[in-house]
Amino acid sequence: MKKLERSLSLTSVIAISIGGMLGSGIFVLPGLAAAKTGSSLWLAYLLAAVCILPAALSKSELATAMPSSGGTYVYIERAFGPKLGTISGIGLWLSLLLKSAFALVGFGAYLSVVVNIDPGFTKYIALIFLTLILLLNIFGVKKVGKVQIVIVTFSLITLGLILVFGLPRVSPELLDPFLSNGNFGLISTVAFVYISYAGVTKVAAIAGEIKNPSKNLPRAMLLSLFIMASIYVFVAFVLVGNLPLEELKTDIRPIYTIADLLGGTYLGYIAAGIGIITLISMANSGVLAASRFPFAMAIDELLPPFMGKIHSKYLTPVVTIIMTCVVMALVILFLDVEKIAKLASAFMVTMFILVNLCVIVLRETAAQWYNPPYRSPLYPFIQLFGIISGVILLIFLGLVPFIAVVSIFVIGLLIYSYFGKNVTRTGILRKYGHRPALYLLYKRKNNNEITYRNNQELPDQMLDGKLASDAGVVVPLLGNENSPEMLVEMGAAINKRKILQAVNITEVPNQTFLDAFVEENPITLSLHRRLKGLAESRNISIDFESAVTHEISDTIHELSNQTNCDWLVMGWSGRAHTGILVSNPIGWLLTHINSDFALFKDNGVRYISKVLLALRPGRKDKNFIAVADRICNYYNASLTLLHVVPQDMDKTAVEQMEQNSKKLLLKVDVASEVEIIVSDDTIAAISKASASYDLLIIGTPQKDNWISVLFGTGKDKYAEKSACSVLRLTMKD
């Protein structure tokens with residue numbers, strides 16, 4: 001099954017990247033970090049951004065070379081093989097779930113401001129909301145992710161207000177001492193706050209969903225890193241310049257504290273509310289991302305097969321979601337806040353060291369399939385800096401995180417030795433194992449000397465490049481059609497070219513890897529067989545493909561763009577448009593696709609012998625009649641051109657309308673006639689007339705009232721009242 005992904009713009013990717021960073025790193029961490037270094041807290045955030053920059057550049061290069069779901073796990077597995085891939089998968093899983101658990105602990109602290117609860121019970125409140133997050137992820141409530149954009153916007157506004165009012169009030173006395181624990185304290189703080197920027201590279205996991213990833217992915221990472229580094233640095237400066245260190249170092253809700261100081265009680269409550277929704281949103285997205293890693297490893301046969309199962313109804317990896325939330329619950333109950341943050345940073349630093357190593361290994365081995373459109377600048381120095389700085393930060397995090405990282409390596413090796421013994425894949429480094437590893441860093445091999453090519457590891461391109469580029473009509477099949485054959489046949493009737501492209505699209509929640517759908521299911525195979533039979537019986541050319549996506553609207557838009565088709569033909573329930581508050585992909589598509597658009601409301605009519613064309617005012621009659629003529633020729637049907645005129649319309653005007661219509665029908669090849677109905681109730685007149693026909697062809701309404709636009713609940717009354725099937729046409733020209 002093809003992986004048809006969304007086409008995300010630069011702005012969208014930046015928003016996602018910022019959303020991945022904005023959370024516990026600024027709402028919870030600053031106080032604990034200030035205790036380690038004093039007023040140099042802002043410098044620690046700045047240096048952490050510098051240290052994570054190599055990983056951002058390296059992941060940009062890797063993601064453009066391998067634009068598939070999975071991100072860091074995929075890169076490490078491809079470069080070093082499944083053994084280190086197993087270790088990295090576990091490390092990434094733990095780092096994300098630890099970060100999410102840290103966010104929930106902070107969430108409890110902010111909630112205690114708004115609701116009068118004992119601080120000792122905040123962990124249990126966090127567990128209650130963790131249960132809610134568990135259910136949201138199991139049920140695949142994907143639209144919750146769209147709310148995150150609003151949450152991030154309000155969070156940035158709140159932090160912006162704190163800067164506006166806090167910077168002028170910075171007290172020089174509170175900035176002393178600058179380094180309370182010397183250089184050692186500063187470097188250990190850099191390692192401690194490193195996790196704050198981990199979200200900057202999260203977007204690499206969706207590189208296959210980004211429009212023009214070779215440019216937009218690195219730009220998005222760098223811009224979002226710059227934006228968040230600026231926010232972290234200046235907010236940290238405001239905190240240490242307005243709050244005494246003794247008060248700040250034990251505060252895990254510093255944004256509430258500074259807002260309360262600068263703006264009073266009400267502003268403090270607002271900041272606490274923003275902190276609550278930001279942290280709960282961050283925890284939710286963290287569970288979504290973390291649960292993907294053991295799921296992907298199970299698919300790659302590195303974990304038990306039952307972990308790779310998808311719920312038959314909700315299409316989500318239930319086992320790995322539950323496992324992730326159970327471990328998070330244990331972390332919340334038995335680890336203190338500082339240990340959670342340290343462990344999360346340690347695992348993330350380790351993974352980013354491996355990411356930088358991946359670029360060096362893949363470039364120096366010069367594997368033929370590795371040809372990234374974007375290449376990291378200053379290679380290999382930027383990668384070496386990332387590796388060396390990462391090792392230093394690991395050392396300064398202390399003994400416990402270091403032991404935890406070593407333990408993960410041991411556990412990963414044990415898991416691989418048991419579950420991965422039948423895995424035949426090998427990493428790029430294994431292919432060149434006869435050469436010393438350091439040799440790879442100093443001598444570049446000639447591309448012509450490399451004969452290795454593993455077609456199974458080549459990244460999936462958008463739609464696999466197998467769409468019929470000369471298809472005149474594209475018919476997306478979403479699984480809710482009364483009769484897919486009838487819809488495809490209607491598309492064939494409209495088609496002016498030889499080939500019709502039918503694409504069966506399955507939308508899955510964001511919780512599920514697109515890569516999990518590698519085999520066609522029985523429903524898809526059945527549909528393929530039926531459409532093949534239709535093509536043979538009707539002597540038409542149908543190209544059938546299947547696809548899986550996270551967002552139907554953008555996928556259908558991409559279908560229209562990639563095929564350069566004349567028409568997009570879809571099944572329809574009769575709903576007229578989208579709404580601002582209620583999503584409806586039909587309305588969005590009407591304003592975004594480049595092709596003409598036909599919606600077919602199938603009312604169960606199987607034999608079309610009489611077609612009624614009812615034109616609304618202001619339509620281009622010739623274009624509509626040409627389409628109706630093609631349909632009638634296909635079905636060997638007759639055509640009636642209907643006009644409904646008001647009772648007070650001048651008789652001369654009515655006669656002129658009839659004459660003009662008859663002239664238009666002179667070019668029609670099938671039997672045709674003009675019918676004029678005098679009525680002030682157009683909907684009722686067309687509804688009554690439709691009883692004598694098999695297909696009603698209409699145009700798109702030109703205007704909607706503001707209530708319909710807001711709520712998206714409007715229905716096309718002509719389609720709703722029709723006694724026969726309805727084809728609604730929207731033509732760009």
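Within segment 688-707, if we keep just the residues that are part of a helix (DSSP H, G or I) and surrounded by fewer than 18 Cβ atoms within 10 Å (Cβ to Cβ), the residue that is modelled with the highest pLDDT turns out to be Lys688. For segment 326-341, the criterion of being assigned by TED's automatic domain parsing to the domain that holds Thr86, surrounded by 24 or more Cβ atoms within 10 Å (Cβ to Cβ), under 24 Å from Ala283 (Cβ atoms) and among the small types (Gly, Ala, Ser) is met by at least one residue. Exactly one residue out of Lys83, Lys123 is closer than 23 Å to Leu134 by Cα, assigned by TED's automatic domain parsing to the domain that holds Pro218 and part of a helix (DSSP H, G or I): that is Lys123.
Within the set Ala271, Ala220, the sole residue that is buried (at least 19 other Cβ atoms within 10 Å of the Cβ), touching a strand residue (DSSP E or B) at 6+ places or on another chain (Cβ under 9 Å) and over 19 Å from Met351 (Cα atoms) turns out to be Ala220. Scanning segment 374-382 turns up no residue that is modelled with pLDDT under 90, on the phi < 0 side of the Ramachandran plot and surrounded by 24 or more Cβ atoms within 10 Å (Cβ to Cβ). For segment 582-598, a residue qualifies if it is at pLDDT below 90 and either under 19 Å from Lys663 (Cβ atoms) or not in a loop (DSSP other than H, G, I, E, B) (or both), and the qualifying residues are Pro585, Ile586, Gly587, Trp588, Leu589, Leu590, Thr591, His592, Asp596, Phe597.
If I go through segment 113-131 residue by residue, how many of them are under 15 Å from Ile277 (Cβ atoms) and touching a residue at least 60 places away in the same chain (Cβ under 8 Å)?
Step one: of segment 113-131, the residues under 15 Å from Ile277 (Cβ atoms) are 113-115, 125-126, 129.
Next, from what is left, pick out any that are touching a residue at least 60 places away in the same chain (Cβ under 8 Å): 113-114, 126, 129.
The qualifying residues number 4.
Evaluation of Ser560 against the conditions (1) surrounded by 18 or more Cβ atoms within 10 Å (Cβ to Cβ); (2) modelled with pLDDT of 80 or more shows that the sole unmet condition is (2).
Helices (runs of 4 or more DSSP H) fully within segment 260-369 that include at least 3 residues being of a type in the set (Gly, Ala, Ser), under 25 Å from Ser155 (Cα atoms) and more than 26 Å from the chain's Cα centre (by Cα): 265-290.
In a residue-by-residue description of segment 384-397, the property of being at positive phi and either surrounded by fewer than 16 Cβ atoms within 10 Å (Cβ to Cβ) or touching a Gly at 6+ places or on another chain (Cβ under 8 Å) (or both) applies to no position.
Is segment 151-174 home to any residue that is in contact with a Phe, Trp or Tyr (Cβ under 7 Å, 6 or more places away or on another chain) and modelled with pLDDT under 90? Within segment 151-174 (the criterion being in contact with a Phe, Trp or Tyr (Cβ under 7 Å, 6 or more places away or on another chain) and modelled with pLDDT under 90), the answer is no, since none of the residues qualifies.
Is it the case that some residue within segment 33-42 is assigned by TED's automatic domain parsing to the domain that holds Met348, at positive phi and not aliphatic (A, V, I, L, M)? So far as segment 33-42 goes, yes, one or more of its residues are assigned by TED's automatic domain parsing to the domain that holds Met348, at positive phi and not aliphatic (A, V, I, L, M).
The values are calculated or read from the model by the stated rules, or taken from the named source; none is laboratory data. Note that the coordinates shown come from a computational prediction; the quantities given were computed from them, not determined experimentally. As a convention, Cβ positions derive from the backbone with ideal geometry for all residues, glycine included, and neighbour counts pool all protein chains shown.
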